[in-house]
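Data block below; observations after.
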Amino acid sequence: MDSLSPDGNGAGEGLPPPPPIPPNVVPEQVEPEPLKKKVLRVPIARRGLGAKGQKITLLTNHFKVNVTNVEGHFFHYSVSVSYEDGRPLEGKGAGRRIIDRVQETYNSELAGKNFAYDGEKSLFTDGPLPRNKLEFTVVLDDISATRSNGHRSPDGNGSPKEGDRKRLRRSYNSKTFKVEFSFAAKIPMQAIANALRGKESENSQEALRVLDIILRQHAAKQGCLLVRQSFFHNDERNFENIGGGVQGCRGFHSSFRTTQGGLSLNIDVTTTMTIKPGALVDFLLEHQNARDPFSVDWAKAKRTLKNLRIKVNPSNQEYKITGLSEQPCKEQLFSLKQKAKDENGEVEATEVTVYDYFVNFRKIELRYSGDVPCINVGKPKRPTYIPLELCELLPLQRYTKALTNLQRASLVEKSRQKPQERMNALSNVLRTSKYDTEPMLRSCGISISTSFNQVEGRVLPAPRLRFGNGEDFSPRNGRWNFNNKKLVEPTKIERWAIVNFSARCDVRGLVRDLTKCAEMKGISIEPPFDVFEENPQYRRAPPNVRVEKMFEEMQSKLPGAPQFLLCLLPERKNCAIYGPWKRKNLTEFGVVTQCIAPTRVNDQYLTNVLLKINAKLGGLNSLLTIEHSPNIPRISKIPTMIFGMDVSHGSPGQSDIPSIAAVVGSRHWPLVSRYRASVRTQSPKVEMIDSLFKRVSDTEDEGIIRELLLDFYTSSGKRKPEQIIIFRDGVSESQFNQVLNIELDQIIEACKFLDEKWCPKFVVIVAQKNHHTKFFQQGAPENVPPGTIIDNKICHPRNNDFYLCAHAGMIGTTRPTHYQVLFDEVGFSPDELQELVHHLSYVYQRSTTAVSVVAPVCYAHLAATQMGQFMKFEDASETSSSHGGMTSAGAHPVPQMPKLRDNVCSSMFFC
């Protein structure tokens, strides 16, 4: 051993050198021991159908699709389009026109094949093209200047572009494009048949995508606005004005779905927001609620108008807006090239204003454009200016900014349709869409039925509810009330006060009525300590200041912390005081608070307010009778915890506002009606929750789940949950694997971090509201009854999913919740699980109706929304980098959520 080197690696002096390696030999690498590959969880298969409940025959907006040619193939080609000089084509709008031109011009070279083009980089044909790589050249009228007839406006180099019309049209308004198709893949139609047998593959997803692209192309050829799989026609009857220059545009969604009953086309009515077409100035005035063009906020207008398409009078040319001129029209200069040449033969150029050019050279009268900025439709280095009053907005342009509350309310009200009305609209769509004329569908042997699919549903009986004094009650039509009933666990309100932020209100009358109503429900309520009226001098101050001043006033007079504060707000929806007030109470003061806007106060209103107050202060309004007894199958006998998980994002158009992840967990097992929330901020628009488990040292985890587990343990008699049921809201099918393999892993890690030996069983259920399946009663005008469940025919061929309409749809058409059971280690039978989900729609403490999605998901949504109000009003210093963790991109720090005080964080403050 003495010949070995001291480090024990055997390369000591005593050993001969290794033999030389022959020059042509590559040394083989020793394969490392394979790591034990983590088994990925996949959504579980269906375990049979439910049988409970009264059978009911329903119609659904799925239309049967027959496919006769399953032997064929779709051929996928990559498309590249470039200008003559090889620059790639920018922008999306032109692609379809160019590919249409290729098809017209080169039909014989393409063997007369039908295309399905996605408008971007992919093209599909039924059967192969003659060669794997094809190149074409096509000439197209200039894209920005369609329907040109007349003179162009001045551009940056000043040329008004006049002269011989024919020459002008050819030289300026046509462009040459090079188009290349190259073979990418072959997709067997057989894949659709396999998917219908529950054998989904990447091929089957692709084959269905091709069918959806065919529908998109069909709609594009009819001149529709396309928004993913939704289509909007430019038809007067489809538009509803919702104020601010915005209109709701009614269209329809259509997509192919594989179901137990075969392939179906799901068609639904849908609405998007569009800009009101017409004079650009009218839109600006309406959008900004301005009196005249001179009171428009041009900085705001520039953001609103960017990329909108306009038509210019009198030439009728179309352009995209790129910006505004720096100067008003009367002062904005550009260099105008004259026909005359100077002595050196150079074209003379003179500086003129845009106003002078249009009024004096083009003889166009301008009434008010002189004193406002011009619209720029040129490139950044070569602007092209047009006076405001010559611009008209083109129809069918989406409005993607956030709506105001008034606009949103108006949109909801105007886009509602009763079941019968919706069915008529859908039948109409099928008739006018003429899918039987679509050549690509015909060549695949695809025909679409025009009659609604029939399915069998079951109506589950409502659970019995327990009220005060041991009284039980069966809700009727998904509703109940507290007339002559006491709350099951009423609280005592002893130390409380009222703050009034300048709401017009008879406060003494309100206290009298509230006290009387509370006593009838079993809540004993002492007179309030005081009513704090806002000092009138602060009414116009910023919301934060108003809240601070109110707190100074209260703290100087209150003997100690109140149990509860009732806050009167001056206006109902989105009062600016709400966020700062909640934040101050919950994070600094540690007091539960109830905000009301006392406009129409009656018994029903006061009862609803008291339900919220009672739940926030730790009481319970009603329980499931089987929860009280306790007698819920598989839950009452084994410690079981229920999670509701949701992420709320900023409005569309707000990309910098952090998203808010909220998880609520049940407490006080065997109850399923009490919850506590844990909330965190995360990177904007990220749907996966990234802070479920957050290890910061060997003993510390700052994640969401740990605090909920510890709370369950202390509130449930020192028991750990042996079963955890997770309801996840707001994820699409493409994210199921992440929920199962990333989020669930984090939750398991949080459990192991508390106790290595602890192995609870998990159930994971996704609740989806964002889908397009609706149900109708045959021959009846009203919505389906509450408790209607469907788990056959239009459900997934393999996965364990069902639709539930737990609530009574009073207005519009009921939207069922689509529950997808991804994972179940507990082994629920279909009936047990469906009943549990149905029962959890009846434990929502804020209302006296069954809710459309299980209560834990509603609570998670409420908690995320309420904490989001905290963040809305933070000033810039609060959101600086010192405050938050980094986003996944590492670019912007995400401001952290302020921590709630200990004495309120286990309350149902979000109720």
Check: Which residues, taken from region 193-211, are assigned to a helix (DSSP H, G or I) and modelled with pLDDT under 90?
Finding: ALA193, ASN194, ALA195, LEU196, GLU202, ASN203, SER204, GLN205
Next item on the list: Tell me the strands (runs of 3 or more DSSP E) entirely within region 269-352 that contain at least 2 residues that are under 25 Å from ARG250 (Cβ atoms).
Entry: 309-312
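Of all residues in region 717-738, which are closer than 13 Å to MET641 by Cβ and either without any contact (Cβ under 8 Å) to a residue 24 or more places away in the chain or surrounded by fewer than 20 Cβ atoms within 10 Å (Cβ to Cβ) (or both)?
ARG719, LYS720, GLU722, GLN723
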Checklist line | Output for region 357-399, where each listed residue is open to solvent by 10 Å² or more (accessible area, probe 1.4 Å), closer than 18 Å to LEU284 by Cβ, assigned to a loop (DSSP other than H, G, I, E, B) and touching a Phe, Trp or Tyr at 6+ places or on another chain (Cβ under 7 Å) | finding: LEU366, VAL377
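Each row is one residue, and each column tells you yes or no for (1) free of Cβ contacts under 8 Å to residues at least 60 places away in the same chain; (2) basic (Lys, Arg); (3) open to solvent by 40 Å² or more (accessible area, probe 1.4 Å); (4) not in a strand (DSSP E or B).
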residue	(1), (2), (3), (4)
THR599	yes, no, yes, yes
ILE626	no, no, yes, yes
ILE632	no, no, no, yes
SER636	yes, no, no, yes
ILE642	no, no, no, no
Margin query: Filter region 524-563 down to the residues that are surrounded by 12 or more Cβ atoms within 10 Å (Cβ to Cβ) and in contact with a Ser or Thr (Cβ under 7 Å, 6 or more places away or on another chain) and list them by number.
Written below: ILE525, GLU534
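Yes or no, residue by residue, for (1) modelled with pLDDT under 95; (2) open to solvent by less than 30 Å² (accessible area, probe 1.4 Å); (3) closer than 30 Å to HIS62 by Cβ:
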{"site": "LEU215", "(1), (2), (3)": "yes, yes, yes"}
{"site": "ALA219", "(1), (2), (3)": "yes, yes, yes"}
{"site": "VAL227", "(1), (2), (3)": "yes, yes, yes"}
{"site": "GLY261", "(1), (2), (3)": "yes, no, yes"}
{"site": "ILE275", "(1), (2), (3)": "no, yes, no"}
{"site": "LEU280", "(1), (2), (3)": "no, yes, no"}
{"site": "VAL296", "(1), (2), (3)": "yes, yes, no"}
{"site": "ASN313", "(1), (2), (3)": "yes, no, no"}
Item checked: All positions within region 120-143 that are part of a strand (DSSP E or B), out of contact with any helix residue (DSSP H, G or I) (no Cβ under 6 Å at 6 or more places or on another chain), over 16 Å from ASP85 (Cα atoms) and open to solvent by 70 Å² or more (accessible area, probe 1.4 Å) -> LYS133
Notebook entry, point to check: Mind checking whether some residue in region 866-877 is open to solvent by less than 10 Å² (accessible area, probe 1.4 Å), in contact with a Ser or Thr (Cβ under 8 Å, 6 or more places away or on another chain) and modelled with pLDDT under 95?
Noted result: yes
Margin query: Consider region 675-705. How many of its residues are among the basic types (Lys, Arg) and crowded, with 21+ Cβ neighbours inside 10 Å?
Written below: 2
Item checked: Conditions (1) among the hydrophobic types (A, V, I, L, M, F, W, C); (2) open to solvent by 10 Å² or more (accessible area, probe 1.4 Å); (3) touching a helix residue (DSSP H, G or I) at 6+ places or on another chain (Cβ under 9 Å): number failed by VAL784 -> (2)
Next item on the list: Hey, can you tell me all the residues within region 230-249 that are more than 17 Å from ALA279 (Cβ to Cβ), open to solvent by 10 Å² or more (accessible area, probe 1.4 Å) and in contact with a Cys (Cβ under 7 Å, 6 or more places away or on another chain)?
Entry: HIS233, ASN238
Next item on the list: Those residues that are surrounded by fewer than 13 Cβ atoms within 10 Å (Cβ to Cβ) and hydrophobic (A, V, I, L, M, F, W, C), I need them from region 400-452; list them, please.
Entry: ALA402, LEU406
Notebook entry, point to check: Taking region 798-815, which residues are in a loop (DSSP other than H, G, I, E, B), open to solvent by less than 30 Å² (accessible area, probe 1.4 Å) and in contact with a strand residue (DSSP E or B) (Cβ under 9 Å, 6 or more places away or on another chain)?
Noted result: ALA806, ALA808, THR813, THR814
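The values are calculated or read from the model by the stated rules, or taken from the named source; none is laboratory data. Please read all numbers here as calculations on a predicted model, not as lab measurements. Don't worry about glycine lacking a Cβ; one is built from the backbone with ideal geometry, like all the others, and counts go over all protein chains shown. Surface areas here come from the heavy atoms of the whole protein model, side chains and all, with no ligands, DNA or RNA. Shrake-Rupley method; radii C 1.70, N 1.55, O 1.52, S 1.80 Å.
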